[in-house]
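Novice: Attaching a single structure in structure tokens format; questions to follow.
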Amino acid sequence: MASGPTVLMRLVASAYSIAQKAGMIVRRVISEGDLGIVEKTCATDLQTKADRLVQMSICSSLVRKFPKLTIIGEEDLPPEDVDQELIEDGQWEEILKKPCPAQYRAIKEEDLVVWVDPLDGTKEYTEGLLDNVTVLIGIAYEGKAIAGIINQPYYNYQLSSPQAGPEAVLGRTIWAVLGLGAFGFQLKEAPAGKHIITTTRSHGSQLVTDCVQAMEPDAVLRVGGAGNKIIQLIEGKASAYVFASPGCKKWDTCAPEVILHAVGGKLTDIHGNALQYNKDVKHMNSAGVLAVLRNYDYYASRVPESVKKALVP
């Protein structure tokens, strides 16, 4: 007698549906016209009504189905009753039809840590750069990122008009499980021989500049959101994501790392160390981020020693 879907695949299927609802909430907040912006630590570290509502939606929806999970979200929100309309009980049936990789079949609910960034690219969201925005749900086991879901609420938003064709559906959800694959997008690679670097748009520093210049780039793309930058890599718009700064957090990288690793890429800190995602780890990626789809060694070898010395793991 065949057994039912594993804990991991049920969690991914639920997280997919929850991420889609999150995308709808992100769009709804803008359409209502009040972003409810507050500064958290500085003028570039913002929180909006969408950040707050989406985190409540994701965390409350997950904990109802998976009460033994450890869930770590970006926003520090006081406990409160969550409106039923924020709860998503569905699950994406197509995911449940796929086999769970053998190494994850025995995982228990309490073994998993979920890292949530309800609105990656908040500053860009407030400025109308909507294609930079993502919702990130990353799933980790024994400190390693093993499954991830990225929702792009405004994918195709520049095409989604009455005149656009049927392919211009607003929003999409990308997902991956290590050992199974990555789904929801068409993998492309940057032009061969070109070094196109994607890096931060709003958190620049001399260290970031020095590291990017050391790559001898043909072009530099400054965009918002870690999720968005990984999408730049898997869609062939950039060859490396370079962020020589401690400004990035575990909820920024967990889900995107899985997507990249599932298609053969690599994401580490600036020193080449794997990032750790156990529940007790510090949230800051204090030694920066280096992510590459192909030719990781080329970029890793060009990180200046001065940058490495400045960024302590």
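The values are calculated or read from the model by the stated rules, or taken from the named source; none is laboratory data. The structure displayed is predicted, hence computed values, not measured ones. All Cβ positions, even for glycine, are placed from backbone atoms using ideal geometry, and neighbour counts span all protein chains on display. Ligands, DNA and RNA are excluded from the accessible area calculation, which covers all protein heavy atoms including side chains. Shrake-Rupley method; radii C 1.70, N 1.55, O 1.52, S 1.80 Å.
Novice: Equivalent-ellipsoid semi-axes (√(5λ), Cα gyration tensor) for the stretch 173-313, whole Å, largest first?
Specialist: After scaling each eigenvalue by five and taking roots: 21, 19, 13 Å.
Novice: Evaluate the distance, in nm, between pseudo-label points positioned 7 Å from the Cα of residue 271 and of residue 24 along their respective Cα→Cβ axes.
Specialist: Distance between label points: 4.5 nm.
Novice: Using 21 Å as the Cα-Cα cut-off, could you pick out the over-long pairs in 144/279; 237/282; 108/229; 188/229; 108/279; 65/250?
Specialist: 237/282; 108/229; 65/250
Novice: Further, regarding this structure: Ranked from the most accessible area to the least, with a 1.4 Å probe and all protein chains present, what is the order of 75, 93? Kindly include the intermediate steps, with their values, before the conclusion.
Specialist: Numbers: 75 10, 93 100 Å².
Heavy-atom accessible area, descending, gives 93, 75.
Novice: Magnitude of the Cβ-charge dipole of the chain, K/R +1 and D/E -1, about the Cα centre, nearest 20 debye?
Specialist: Value, rounded to 20: 780 debye.
Novice: Further question: Multiply the residue separation of residue 82 and residue 32 by 0.36 nm, subtract the distance between their alpha-carbon atoms, and state the gained length in nm to one decimal.
Specialist: Working it through step by step, the gained length comes to 16.0 nm.
Novice: Can I ask one more? Rolling a 1.4 Å sphere over the protein heavy atoms, what is the accessible area per residue of the chain, to the nearest Å²?
Specialist: 44
Novice: What value, in deg cm²/dmol to 500, does the helix sum -39500 (n - 2.57) over DSSP H runs of n ≥ 4 give at 222 nm once divided by the residues of the chain?
Specialist: Rounded to the nearest 500, the figure is -9000 deg cm²/dmol.
Novice: I've got another one for you. Among residues other than residue 111 whose Cβ falls under 13 Å from its Cβ, what is the net charge (Lys/Arg +1, Asp/Glu -1)?
Specialist: Residues close to residue 111 contribute a combined charge of +2.
Novice: Quick one: with all protein chains in place, what share of the accessible area of the stretch 184-313 is carbon or sulfur, to the nearest percent (1.4 Å probe)?
Specialist: 48
Novice: Separate question: Which loop GluC sites (Glu not before Pro) in the stretch 113-148, with loop taken from DSSP, have no more than 12 other Cβ atoms within 10 angstrom of their Cβ?
Specialist: Here the sparse-neighbourhood loop sites are 142.
Novice: While we're here: Assuming R0 = 35 Å, what is the FRET efficiency of residue 306 and residue 65, from their Cβ-Cβ distance, to the nearest 0.05?
Specialist: 0.15
Novice: So how strong a dipole does the stretch 168-313 carry about its Cα centre when Lys and Arg Cβ are +1 and Asp and Glu Cβ are -1, to the nearest 20 debye?
Specialist: Roughly 260 debye, rounded to the nearest 20.
Novice: Please find the FRET efficiency linking residue 210 to residue 283, where r is the Cβ-Cβ separation and R0 is fixed at 25 Å, and quote it to the nearest 0.05. Could the numbers behind the result be given before it?
Specialist: Details: r = 25 Å, r/R0 = 1.01.
For residue 210 and residue 283, the calculated efficiency is 0.50.
Novice: Further question on the same structure: Report, to the nearest whole %, how much of the accessible area of the stretch 1-130 belongs to carbon and sulfur atoms, 1.4 Å probe, protein only.
Specialist: Carbon plus sulfur share of accessible area: 50 percent.
Novice: Moving to a separate point now. Check which residues have an amide H placed less than 5 Å from residue 144's amide H, if you skip close sequence neighbours.
Specialist: Amide H to amide H, under 5 Å and 5 or more residues apart or across chains, residue 144 pairs with 277.
Novice: Name the shape class, rounded, prolate or oblate, that the alpha-carbon gyration tensor gives for the chain, where a ≥ b ≥ c are the square roots of its eigenvalues, rounded holds for a/c under 1.5, and otherwise prolate holds if a/b is larger than b/c and oblate otherwise.
Specialist: rounded
Novice: Farthest toward the dipole's positive end in the chain, which of 12, 26, 171, given Cβ charges of +1 (Lys, Arg) and -1 (Asp, Glu) about the Cα centre?
Specialist: 12
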